[in-house]
Structure formats: C-alpha cells, structure tokens
Amino acid sequence: MIVALSGGVGGAKLVRGLSLTEQPTTTIVNTADDFTHWGLHISPDLDSVMYALSDLSDPVRGWGVREESWNALKMVEHYQGEHWFQLGDRDLATHLIRTQCLNEGQTLTQATKRLCNALEIQVNVLPMSDDLIQTQVETPQGWLDFQIYFVKECCQPEVKSVRFQNIEQSKPTQDVLNAIESASLIILCPSNPVVSLDPILRVPGMEMALQAASAPVVAVSPLIGGRAVKGPTVEMLKGLGFESSPVTVASRYQSFLNGFVLDEQDQQLKTEIENLNLEVMTTNTLMSSDEDKKQLAESILKAWL
Ligand code: FO1
C-alpha cells in the first residue's frame, strides 16, 4: 500500500498520478482548511482530492467541479448573502451530503467514504483527523481564518505566523495510523509545507508514527525554480522567516524523511539536500497532464518501492 500525505490542488495531482499506476493507494488529507459556510461543512482539500480522483476537477480553476453552473451562488448574491466563496451547483451537492452525514452523527471519515464510494474512487481517501482543526493566519490586520485570508483576501496580507486551532486536543484516526504502519512507501505530496502538510504532521502522534514507520518516507518538493506552481508557499515561507527553498522543506521533514524529489530545474541544490542524509532524485515535477502525473508517480515508485 502506498500512502500519500496531501493538501489540495497540487497534492491531488500526484495522488491522481498514483491512482493511474494502479498501485493500491491511501491518501491522508489535510482538513485544517475546513470551515462552515452557508451552514455547510466545506472540506476544500478533501474536495480537491476527490474531484481529481473522479476526473471531475475543473482544469482551469484547479478547485471545484468542471462543467459547473452557479445558479445557487447567484441566488445567494441576490439575497445579499455571502458570495465571496464560490460554491457551484454540482459542488454544493458534495457539501450538502457531507453535512447531512455529519449531522446524522457520522464521522468525517465515514462521510468521506460515502462520497468516495458514490464517485467510484478506488484510492482510500482519509481525513487526517475526525476532530475539527482550523488554520488561522496572523497578518497586519490580525488573525484571519484561513479561507478569509486565502479566498476573500486573495492571499494579499503579509503572513506573520500561522496557528492550527484545536490541534493539541486532536488525534489522528485509527485508519490513518493503520495506513502509516502498514505502508510500503510513504510520500509527502508537493503541497504547501506551511498550511497543507504541517497541519497533518502536527496532529499529535503523526510525526512519531512516521518516524516509527517501516516504509521509506519521501517528499516531493513543492517549489520549482524558486516558485510554487500555485498558491502562496513562497510568500508564507518568507513571511515566517524561512528561506524559500527546497532545502528548507527537506530540513523541516528531516527527522522522519529518507528521500527527496527535486525538480530538475533545481539540480544545483542536490548535494546540499544529500548532505541532510537524504537520497535525492531529480526529475520533472511539474504535473500539467495526466501523463506527467503518472510519470512522476512511476519514477517515485521505481526509486523507492
Ligand atoms: N478557491 C478560491 O480561490 N476561490 C473560491 O471561491 C473557492 C471556492 C471553493 C469551493 C469549494 C472548494 O472545495 C474549494 C474552493 N476553493 C476556492 C479552493 C480552496 O479554498 C483552496 O484552494 C484551498 O483551501 C487551499 O488548499
């Protein structure tokens, strides 16, 4: 079993690549971006992973469902309701069913299973925790809930620090711990290290589980030639006082990491990362097409499985 730790859009691409190799895969997904909107429980990263795996993702936006219509959103706007977060009509059904499951007393893991079964997804998609954990970002305007910072404020405010509300009281699910224990390879997807992978790693017990895992643990760089493919990774690392470099990312994971995948554009950093006692592979990590996604997944499996 391959286990992939993933955030939203970028991570979901590699999870899709893994699914195309037909190796049995479990993905553990960040849920600290979750929030309540229009009374519904939205899990943006679970949504992105589910839509990528069921081939429903909108290829331009990267999030949400393709061939979407926006009638509900227009009607909400007509009522002068909150319309800064764009929920399309097809996407809305996901949040309605998820919220209904949760209101009936199901866990987020059970609700996710129900959605994934209906979408005929073969990958086992697991929320990192069934407890509610919420990312907040400290900016010059004060602490902002993550989606306010990310969507409403378009990632414009400077990031001074980040916190994950309720994380100390949370725990990983038994499904997550079992997956890590029985994995034959664990992959950290090229997701934002600050707000996508860090919440997964900071759930109490997660780093210990990774250190104890018998499988090799490898991370894919979220940076290519000094830039993130999408999202505010560079700005966040800099705002927190780190150098925005794959070396920073590899160092963060060093206590449990065995290997690192570096984009070929960053070849010059290979020795520096090898000096962290990591086995480094350089390859194309930009995943534009399904072919790229599968190719990256296959090279990782070839090197470490
Ligand atoms: N991202 C946006 O930039 N604007 C949106 O209006 C938006 C709506 C949205 C609805 C459902 C969903 O699952 C995701 C959505 N996203 C939107 C993406 C998402 O909020 C972020 O990409 C992640 O939270 C960061 O990983």
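The values are calculated or read from the model by the stated rules, or taken from the named source; none is laboratory data. On a predicted model such as this, the values are computed, not experimentally measured, just so you know. Because the Cβ atoms are built from the backbone with ideal geometry, glycine has one as well, and the counts that use them run over all protein chains shown. Areas reflect the complete protein model, heavy atoms only, side chains present, ligands, DNA and RNA absent. Shrake-Rupley method; radii C 1.70, N 1.55, O 1.52, S 1.80 Å.
Scan (1) under 17 Å from Ser255 (Cβ atoms); (2) open to solvent by 30 Å² or more (accessible area, probe 1.4 Å); (3) among the aliphatic types (A, V, I, L, M) for the single condition Val162 breaks and write down its number.
(1)
Among the residues of the range 121-149, write down those that are within 13 Å of the ligand (Cβ to nearest atom) and closer than 30 Å to Ala183 by Cβ.
Passing the criteria: Gln134, Thr135, Phe146.
Of all residues in the range 274-305, which are farther than 20 Å from Ala228 by Cα, touching a strand residue (DSSP E or B) at 6+ places or on another chain (Cβ under 6 Å) and part of a loop (DSSP other than H, G, I, E, B)?
Result: Leu278, Leu305.
Out of (1) within 11 Å of the ligand (Cβ to nearest atom); (2) surrounded by fewer than 14 Cβ atoms within 10 Å (Cβ to Cβ), what's the single condition that is false for Asn30?
Condition (2) is where Asn30 drops out.
Within the range 75-120, how many residues are charged (D, E, K, R), more than 12 Å from the ligand (Cβ to nearest atom) and under 21 Å from Ser19 (Cβ atoms)?
Count: 3.
Quick one: how many residues across the range 32-82 are hydroxyl-bearing (Ser, Thr, Tyr), without any contact (Cβ under 8 Å) to a residue 24 or more places away in the chain and in contact with a strand residue (DSSP E or B) (Cβ under 9 Å, 6 or more places away or on another chain)?
Count: 1.
For the condition among the charged types (D, E, K, R) and over 27 Å from Ile180 (Cβ atoms), what is the one hit in Lys294, Lys302, Lys270?
Lys270
Just to check your reading of the model, which residue among Gly231, Gly226 is at pLDDT below 95, closer than 23 Å to Ser43 by Cα and not basic (Lys, Arg)?
Answer to the selection: Gly231.
Scan the range 153-197 residue by residue and report those that are among the small types (Gly, Ala, Ser) and in contact with a helix residue (DSSP H, G or I) (Cβ under 6 Å, 6 or more places away or on another chain).
Once the filter is applied, which keeps residues that are among the small types (Gly, Ala, Ser) and in contact with a helix residue (DSSP H, G or I) (Cβ under 6 Å, 6 or more places away or on another chain), the range 153-197 yields only Ser191.
Which residues, counting only those in the range 1-37, are part of a loop (DSSP other than H, G, I, E, B) and closer than 22 Å to Leu286 by Cα?
Gly7, Gly8, Glu22, Gln23, Asn30
Only one residue in Ser251, Ser244 is among the hydroxyl-bearing types (Ser, Thr, Tyr) and either in a helix (DSSP H, G or I) or assigned by TED's automatic domain parsing to the domain that holds Val151 (or both), so which one is that?
The match here is Ser251.
Quick one: is Thr173 over 15 Å from Asn30 (Cα atoms) and of a type in the set (Ser, Thr, Tyr)?
In short, no.
Identify, from the list Met281, Met287, the residue that is aliphatic (A, V, I, L, M) and more than 20 Å from the chain's Cα centre (by Cα).
Met281
How many residues are surrounded by 13 or more Cβ atoms within 10 Å (Cβ to Cβ), part of a loop (DSSP other than H, G, I, E, B) and modelled with pLDDT of 95 or more if we restrict to the range 38-75?
Residues in the range 38-75 being surrounded by 13 or more Cβ atoms within 10 Å (Cβ to Cβ), part of a loop (DSSP other than H, G, I, E, B) and modelled with pLDDT of 95 or more: 10 in total.
Have a look at Leu262, Leu223, Leu197 and point out the one that is more than 25 Å from Val137 (Cα to Cα) and touching a residue at least 40 places away in the same chain (Cβ under 8 Å).
Testing whether each residue is more than 25 Å from Val137 (Cα to Cα) and touching a residue at least 40 places away in the same chain (Cβ under 8 Å) leaves just Leu262.
Criterion first (at pLDDT below 95 and open to solvent by less than 30 Å² (accessible area, probe 1.4 Å)) does Pro246 satisfy it?
Considered against the rule, which asks whether it is at pLDDT below 95 and open to solvent by less than 30 Å² (accessible area, probe 1.4 Å), Pro246 comes out as no.
I need a count of the residues in the range 210-233 that are open to solvent by 20 Å² or more (accessible area, probe 1.4 Å) and either among the basic types (Lys, Arg) or within 19 Å of the chain's Cα centre (by Cα) (or both).
Final tally of qualifying residues: 6.
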